[in-house]
Amino acid sequence: MQQIKFEQLINKTQQIEENCKCMICLEVFIDPICCENCESHYCSSCITTWSQNQPPRSCPICQKLKEKPAQRILKNMLNDLLVQCQYIKNGCNQVLKYSDYLNHANSCLYQLVKCQMIGCQEEMLQGDLDDHKIICQFRLEECQWCHKNLIFKDLIQHETQICELRCLPCDLCQLVFPYTELLYHQDNCPEKQINCYWCLNNMKKKDRDEHENSECPKIPIKCSGCQQVFQREQFLPHYELCPLVELICEYCEKFIKRQDQQQHRLQQCFQTMRDVISKQQYEINKLSNEFNDLKLIVLSLQMKKKKQKFSSLNKHQEISLLNGKMSAYISWENDSIKDRFVFIDNPDNKKVNLTFTALNNKFVAFGISDLTNLTVKKDYYKLWHHSYLFSSNGIVFISHSQEDNGKKREFQFQANHQLELQYQNNQFLKVTNLTTKQEYTVIIPQGPQLYFPVVCLRSAGDQVEIQNN
């Protein structure tokens, strides 16, 4: 419980000492309250402690405590006090207002505190506590191997001698292993020195296989001809003379025992060679057929790559593509009526055959246009819109022709009519209604524009399909 002693007051007077003294602790009031009966003042904590042994809660003077807030004149007198920090002996020289003193006293860096680590009894200034926590021998640190929290003074011994998950280097190869695996590794380390089972020569374990496969003179080897077993140093002279070893004929590539090579007749050898040649010819024919099949597959893929289809890049965002980009439509969610263009990829500049399977607006059209129609809103009744479009109601839009642009002509089409479009940039355009046999041809003036086949859908439900390529 914090106290302010009169000896800490800088501006102490006789009046202050008489009017600001608690009748219980005999020091300066802390959070004072007043007894309404006798007008006596006490620290709120002091009267609480007093009343614990004097039930019910009572006043030391009048015995009948009826609490009320401290008198204003007392509060003003307290607020004018200047208090020297109680930790002046430890180095704190601050002088504070009464109202600020308790907050300062609770956090003063010069108060003596004990380390909070379990087992550490060291006492220090509050300001030195953080530095002490860094070096405290009783702080908790994590083991680098098992990640358990341990008291620091025990950590080094735990990590180097006790922890079963600690990693240690192998004395032979210097690779690091967990302690529980190290003993097994040391028995099987490639750098471990061992003796050959056959010749007893000393070597590293990693060299044993190579030694046995190519060097050891005592290792047993079975002859592939007579099946007898010899040590390596005796095997090679035997193998070079063994009559039962099979050798390959350099002409027919057939395996013949050494003792039968003299009897291997030329006729038999040639017959075998003819069989080999016949088999090779069969394999050659088989590979040739497979190669031709692959050429057909490659050609089919190339044709598929050049197939006409609607462009997924050059289209209005509200147009959706189906059936491998062979069909384009406007969903019923897009109920506004406006021009929505989708261009047709036509790599070989072939005729384009179309059918409008659903046609809900009379200004649905097809023809050719440059790519500006995707980004620029145009008035197609004015010239030089760089489009040649044919609407289902007969209105045609011819970019360069004052006589034809925006006028109605005989060429018309309805849903499910078979339509054909043929064009050549800067030369001509021809559209045909194969169902009604109507045609319309336009001579295109020379210019820098590049035109591409295009379809204009206008309202929800409009749908068009490319029929063939």
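Tell me which residues, restricted to the range 242-264, are part of a loop (DSSP other than H, G, I, E, B) and either open to solvent by 100 Å² or more (accessible area, probe 1.4 Å) or among the basic types (Lys, Arg) (or both).
Within the range 242-264, GLU250, TYR251, GLU253, LYS254 qualify.
Which of the residues that make up the range 98-126 are more than 15 Å from GLN86 (Cα to Cα), in a strand (DSSP E or B) and open to solvent by less than 90 Å² (accessible area, probe 1.4 Å)?
MET124
Would you pick out the residues in the range 176-206 that are part of a loop (DSSP other than H, G, I, E, B), in contact (Cβ under 8 Å) with a residue 12 or more places away in the chain and not basic (Lys, Arg)?
Across the range 176-206, the qualifying residues are CYS189, PRO190, GLU191, CYS196, TRP198, CYS199, ASN201.
Spot the failing condition for TRP145; the list is (1) touching a helix residue (DSSP H, G or I) at 6+ places or on another chain (Cβ under 7 Å); (2) open to solvent by less than 50 Å² (accessible area, probe 1.4 Å), and only one is missed.
(2)
Output the residues belonging to the range 353-370 that are open to solvent by 20 Å² or more (accessible area, probe 1.4 Å) and under 46 Å from the mean Cα position of the chain (by Cα).
THR357, ALA358
Quick check on the range 432-448. Is at least one of its residues under 54 Å from the mean Cα position of the chain (by Cα) and charged (D, E, K, R)?
Taking every residue of the range 432-448 in turn, none turns out to be under 54 Å from the mean Cα position of the chain (by Cα) and charged (D, E, K, R).
THR180 is checked against (1) closer than 30 Å to PHE138 by Cα; (2) at pLDDT 85 or above; (3) surrounded by fewer than 15 Cβ atoms within 10 Å (Cβ to Cβ) and fails just one. What number does that condition carry?
Every condition holds for THR180 apart from (2).
Specify which of the listed residues (LYS377, LYS350) is under 18 Å from TYR440 (Cα atoms), under 48 Å from the mean Cα position of the chain (by Cα) and open to solvent by 50 Å² or more (accessible area, probe 1.4 Å).
Criteria check complete, one pass: LYS350.
All but one of (1) open to solvent by 100 Å² or more (accessible area, probe 1.4 Å); (2) among the polar types (S, T, N, Q); (3) assigned to a loop (DSSP other than H, G, I, E, B) hold for ASN213; which doesn't?
Failing condition for ASN213: (3).
Looking only at residues in the range 132-142 that are in a helix (DSSP H, G or I) and open to solvent by less than 100 Å² (accessible area, probe 1.4 Å), which one is nearest to HIS158 (Cα to Cα)?
LYS133
Do we have GLN227 as out of contact with any helix residue (DSSP H, G or I) (no Cβ under 6 Å at 6 or more places or on another chain), in a loop (DSSP other than H, G, I, E, B) and open to solvent by 70 Å² or more (accessible area, probe 1.4 Å) here?
Yes, satisfied.
Taking the conditions exactly as written (under 41 Å from the mean Cα position of the chain (by Cα) and of a type in the set (Lys, Arg)), does LYS114 satisfy them or not?
no
Go through the residues of the range 353-361 one by one and say whether even a single one is in a helix (DSSP H, G or I) and under 27 Å from GLU410 (Cα atoms).
No, that holds for no residue.
Here are some conditions: (1) open to solvent by less than 60 Å² (accessible area, probe 1.4 Å); (2) more than 37 Å from the chain's Cα centre (by Cα); (3) not hydrophobic (A, V, I, L, M, F, W, C). GLU159 meets all but one. Which one does it not meet?
With respect to (1) open to solvent by less than 60 Å² (accessible area, probe 1.4 Å); (2) more than 37 Å from the chain's Cα centre (by Cα); (3) not hydrophobic (A, V, I, L, M, F, W, C), GLU159 is out only on (2).
Does ASP339 qualify as being modelled with pLDDT of 90 or more, over 37 Å from the mean Cα position of the chain (by Cα) and either acidic (Asp, Glu) or at positive phi (or both)?
yes
Please give the strands (runs of 3 or more DSSP E) falling wholly within the range 24-97 in which 3 or more residues are loosely packed, with under 15 Cβ neighbours inside 10 Å.
The strands (runs of 3 or more DSSP E) meeting that bar are 67-69.
Can you name the residue in the range 5-23 that is assigned to a loop (DSSP other than H, G, I, E, B) and in contact with a helix residue (DSSP H, G or I) (Cβ under 8 Å, 6 or more places away or on another chain) and, of all such residues, is most open to solvent (accessible area, probe 1.4 Å)?
Restricting to residues being assigned to a loop (DSSP other than H, G, I, E, B) and in contact with a helix residue (DSSP H, G or I) (Cβ under 8 Å, 6 or more places away or on another chain), the top hit is LYS12.
In the range 332-355, what residues are among the acidic types (Asp, Glu), touching a strand residue (DSSP E or B) at 6+ places or on another chain (Cβ under 9 Å) and in contact (Cβ under 8 Å) with a residue 40 or more places away in the chain?
If the condition is that a residue be among the acidic types (Asp, Glu), touching a strand residue (DSSP E or B) at 6+ places or on another chain (Cβ under 9 Å) and in contact (Cβ under 8 Å) with a residue 40 or more places away in the chain, then ASP339 is the only one that fits.
Where the second residue is among the hydrophobic types (A, V, I, L, M, F, W, C) and part of a loop (DSSP other than H, G, I, E, B) and the first is touching a residue at least 12 places away in the same chain (Cβ under 8 Å) and lies in the range 229-251, which pairs have Cβ atoms under 6 Å and are six or more apart or on separate chains?
Filtered contacts from the range 229-251: ARG232/ILE219; CYS242/CYS223; CYS242/CYS226; LEU244/CYS226.
Can you pull out the residues in the range 362-381 that are part of a loop (DSSP other than H, G, I, E, B) and hydroxyl-bearing (Ser, Thr, Tyr)?
Hits for the range 362-381 are THR375, TYR380, TYR381.
Give the range 377-397 a look and list any residue that's aliphatic (A, V, I, L, M) and either at pLDDT 95 or above or within 14 Å of CYS456 (Cβ to Cβ) (or both), or say none.
Of everything in the range 377-397, those that are aliphatic (A, V, I, L, M) and either at pLDDT 95 or above or within 14 Å of CYS456 (Cβ to Cβ) (or both) turn out to be LEU389, ILE395, VAL396.
Going by the conditions given, is HIS386 buried (at least 17 other Cβ atoms within 10 Å of the Cβ) and within 21 Å of HIS400 (Cα to Cα)?
Against the criterion (buried (at least 17 other Cβ atoms within 10 Å of the Cβ) and within 21 Å of HIS400 (Cα to Cα)), HIS386 qualifies.
When THR432 is evaluated against the numbered criteria (1) buried (at least 18 other Cβ atoms within 10 Å of the Cβ); (2) closer than 24 Å to ALA328 by Cβ; (3) touching a residue at least 40 places away in the same chain (Cβ under 8 Å), which criterion, by number, is the only one it fails?
(3)
The values are calculated or read from the model by the stated rules, or taken from the named source; none is laboratory data. Quick caveat: nothing in here was measured; it's all calculated off a predicted structure. When we count neighbours, we look across all protein chains shown, and the Cβ atoms used for this are built from the backbone with ideal geometry, even at glycine. Just so you know, the surface numbers come from the protein's heavy atoms only, side chains and all, with ligands and any DNA or RNA stripped out. Shrake-Rupley method; radii C 1.70, N 1.55, O 1.52, S 1.80 Å.
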